[in-house]
Structure formats: C-alpha cells, structure tokens
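To start, the structure itself, in structure tokens.
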Amino acid sequence: DDNFSEDLDSHVVNASITQVLGPQTIAQIALYAAVFAGFQSSPYRMVQFENGAGAPEQVPDERQRYATVLRLKHALSNRAFLGTDYRFYFDTWGVESHMFELSYSQQQSKGFKWRVRNRIYRQSGEDFYADTYAGLQQYMSSDREHSPFISDTIGGKVALLAGDLGGLKDVWFDLKADLGWQHFSDFARQPERLMWVTEIGMSMGF
C-alpha cells in the first residue's frame with residue numbers, strides 16, 4: 001500500500017562490566033534497556049476470532065524492554081574453554097524469558113578451532129496474546145513469537161585458517177550449524193517447529 005506510512009522511534013542503551021576472577025576465569029554482567037514509541041504492529045498479520053472472522057493485529061504504541069546477561073568463561077587449559085550464559089528479560093507487554101547456554105570451545109591447532117553449544121530458552125506470552133479471540137479488543141496479537149513457548153538449540157562451529165590471501169592477512173573460514181526445536185503451548189496452528197540453521201563466514205585482517 002503506497003499510502004501506508006507509520007513512524008517508530010527507538011532508544012537503546014547497553015552497558016557491561018567484565019571482571020577477571022583469576023588466571024583462568026572471567027565474568028561479565030551486561031545490561032540492556034530499550035524504549036520503543038510508535039507503530040509496532042505488523043501491517044500483514046491478522047488475528048482470528050472464534051466465529052472464523054479476522055481483524056488486523058493491534059499492539060500498544062509504547063514498549064519498554066529490559067534484560068540482564070550474566071556470563072562466565074573458564075579456561076580448562078591453554079586450548080580448551082568452557083562458557084556459560086544466563087539471560088533474564090522482561091518488558092511492559094508482559095513477556096518474561098529465561099535463557100541458559102552452555103558452550104565448549106577448543107583451539108585444536110594454530111589453524112583450526114571448533115565449538116559446540118546448547119541453548120535453552122523459555123518465555124511467557126504477552127498480556128494480550130491469544131491464538132483466537134472471542135471478540136474485538138483494544139490490543140490483539142496472534143504472533144506465535146509473542147506466545148508462551150520453549151526452545152532448545154544444539155549446534156557446532158568449526159573455523160579454519162587459510163593464511164594470507166593476496167593483500168589480506170589471517171583469513172579465516174568458518175561453518176556453523178544449529179538444530180533448533182520450538183514448542184508453542186498456545187498456538188494450535190503449529191504447536192511445534194524443527195529447523196536447521198547454517199552459516200558460512202569469513203574474517204580477515206588488513
């Protein structure tokens with residue numbers, strides 16, 4: 001729709017503190033705060049009513065979001081590393097979430113390193129979320145990403161040093177693959193989802 005136009009303003013603040021706990025261990029706490037003001041609905045998403053009718057999604061114009069992340073990294077040796085992450089999130093729409101990740105990485109050789117991880121995530125739904133509505137309400141959303149759900153992601157990453165290529169130094173190629181599972185407890189149209197996510201990357205110096 002060429003006549004459709006809405007504004008959204010966002011203000012985001014991030015802060016973190018890192019502390020060395022010992023020769024092999026570091027800890028970090030990170031804080032996140034954001035304020036969004038303006039149009040935040042999807043112009044393409046519809047909600048469903050129990051009688052089979054539908055209506056456009058409508059969410060509040062203001063949203064405040066906050067998160068705290070705690071990280072701990074420990075060197076098991078000069079080549080093996082263990083990491084843990086915990087993240088707590090909440091916002092003014094009623095969503096609360098918890099994320100925990102455990103990772104292990106190893107520098108196998110000067111030119112080869114790898115990592116494995118497992119991430120578990122759980123969240124509550126928005127105060128106004130519903131799979132279907134009995135009638136018209138001020139705020140309505142049937143976005144499954146805003147519903148209560150739990151997910152588990154298992155994956156790995158390998159990185160290979162190719163060396164110097166042309167005028168580039170320390171060129172690394174990496175491949176990452178994750179297997180993710182999601183369960184939406186209040187979204188009858190697709191209560192579960194299984195997915196593969198793969199990434200290929202390259203980094204270099206000049």
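The values are calculated or read from the model by the stated rules, or taken from the named source; none is laboratory data. Note that the structure is predicted; figures quoted are calculated from it, not measured. We place every Cβ from the backbone using ideal geometry, glycine too, and count neighbours over all the protein chains shown. With ligands, DNA and RNA removed, areas are computed over all heavy atoms of the protein, side chains included. Shrake-Rupley method; radii C 1.70, N 1.55, O 1.52, S 1.80 Å.
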Please count how many residues of the stretch 140-181 are out of contact with any strand residue (DSSP E or B) (no Cβ under 6 Å at 6 or more places or on another chain) and surrounded by fewer than 16 Cβ atoms within 10 Å (Cβ to Cβ).
5
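Yes/no per residue for (1) out of contact with any Gly (no Cβ under 6 Å at 6 or more places or on another chain); (2) among the small types (G, A, S); (3) at pLDDT below 95:
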position: S5; (1), (2), (3): yes, yes, yes
position: S10; (1), (2), (3): yes, yes, no
position: T18; (1), (2), (3): yes, no, no
position: I29; (1), (2), (3): yes, no, no
position: R45; (1), (2), (3): yes, no, yes
position: E50; (1), (2), (3): yes, no, yes
position: A53; (1), (2), (3): yes, yes, yes
Conditions first: (1) over 18 Å from F88 (Cα atoms); (2) open to solvent by 80 Å² or more (accessible area, probe 1.4 Å). I17 passes all but one, so which condition is the exception?
(1)
What number of residues within the stretch 24-68 satisfy the criterion of being under 20 Å from R189 (Cα atoms) and either free of Cβ contacts under 8 Å to residues at least 24 places away in the same chain or aromatic (F, W, Y) (or both)?
7
Give me the pairs: first residue in the stretch 86-102 and closer than 22 Å to Q28 by Cα and free of Cβ contacts under 8 Å to residues at least 40 places away in the same chain, second residue of a type in the set (G, A, S) and open to solvent by 30 Å² or more (accessible area, probe 1.4 Å), beta-carbon distance under 8 Å, and six or more apart or on different chains, which are they?
E96/S124; S97/S124
The correct count of residues that are more than 30 Å from N3 (Cα to Cα) and surrounded by fewer than 14 Cβ atoms within 10 Å (Cβ to Cβ) in the stretch 40-65 is 2
